[in-house]
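Here the structure comes first, spelled out in structure tokens, and everything after it is commentary.
The values are calculated or read from the model by the stated rules, or taken from the named source; none is laboratory data. Worth saying up front: this structure is predicted, and the values here are computed from it rather than measured. Glycine also receives a Cβ, built like all others from the backbone with ideal geometry; neighbour counts cover every protein chain displayed. All accessible areas refer to the heavy atoms of the entire protein, side chains included, with ligands and DNA or RNA removed. Shrake-Rupley method; radii C 1.70, N 1.55, O 1.52, S 1.80 Å.
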Amino acid sequence: MSKSVRNRIFNYDKWLVLLLITMPIILISFDGWQVRPSISNYVYMQHNQVFYFLLIIAASMFGYSGALWLKNYNILLGALLLGVALTPHLQFPIIHFTFAGLFFLGSVFVMIYYSSKHQGKFKIIAGIIIIAAMLLHFVFNTFSLFYAEWIGIIPIAIHYIGETLNIID
């Protein structure tokens with residue numbers, strides 16, 4: 001693959017990481033700076049097309065990256081994220097939370113399973129951060145699911161960009 005193609009792909013991957021990390025801020029800003037109970041709850045805001053747009057773009061970027069780099073797990077993660085977007089949690093709670101849970105657990109699995117022994121500790125720490133954020137919400141009710149999801153997205157985004165840059169495997 002030529003250097004110019006690699007640079008274009010890298011720029012595309014940077015946009016996915018930026019989108020993942022800033023998605024909660026974008027959603028809050030389009031909803032009058034209201035912090036909702038979860039990221040998925042923004043499907044019920046007045047400008048819910050923003051929610052759909054962001055999640056569907058993120059899902060398609062995962063899928064595109066997976067197809068391009070022949071990483072089927074990214075295609076699957078993109079499909080799970082698409083499932084989250086297309087199943088509003090109040091109408092389809094079991095399906096929605098299954099997609100969301102599998103997205104986060106799948107991301108943890110991918111980070112740890114597809115890592116070298118050398119980087120395994122970093123990946124395990126990233127996975128622990130994601131799981132701890134969810135446990136702090138679901139078990140200890142420390143903060144809202146919105147913050148648990150946002151905290152969980154950050155290691156996923158860092159892993160994704162690190163993998164793109166060949167800093168991590």
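Observations, loosely collected:
- Gyration tensor verdict on the range 74-125 (Cα atoms; rounded if a/c is under 1.5, prolate if a/b is larger than b/c, oblate otherwise): prolate
- Multiplying the residue separation of LYS71 and LEU136 by 0.36 nm and removing their Cα-Cα distance gives an extension gain of 20.3 nm.
- Three-way shape label, the range 11-98, alpha-carbon gyration tensor, a/c 1.5: oblate
- Comparing ILE153, ILE131, ILE25 in a Gaussian network model of the chain, where Cα atoms under 10 Å apart are tied by springs, the biggest mean-square fluctuation is seen for ILE25.
- A cut-off under 15 angstrom between Cβ atoms defines the neighbours of ASN74, and their net charge, with Lys, Arg +1 and Asp, Glu -1, is -2.
- For the range 56-169, carbon and sulfur atoms together expose 77% of the accessible surface, with a 1.4 angstrom probe and every protein chain in place.
- Dipole of the chain, positive direction: furthest Cα of HIS89, ILE39, SER65, with charges on the beta-carbon: SER65
- Accessible surface, the chain, averaged per residue in Å² (probe 1.4 Å): 54
- Estimated FRET transfer efficiency (ILE95, HIS118; beta-carbon r; R0 35 Å; 0.05): 0.35
- Chain lengthening between ASN48 and VAL35 when straightened (0.36 nm per residue, less Cα-Cα): 3.2 nm
- Sorting 158-165, 114-121 by their mean Cβ neighbour count within 10 Å, with the most densely packed peptide first, gives 158-165, 114-121.
- As a length-normalised measure over Cα pairs under 8 Å and 6 or more apart, the relative contact order of the chain settles at 23 percent.
- Kyte-Doolittle mean at least 1.0, axial Cα span of 15 Å or more - DSSP H helices of the chain: 48-68, 72-86, 93-113, 120-138, 145-164
- Gyration tensor (alpha-carbon) shape descriptor, the range 1-150, a/c threshold 1.5: oblate
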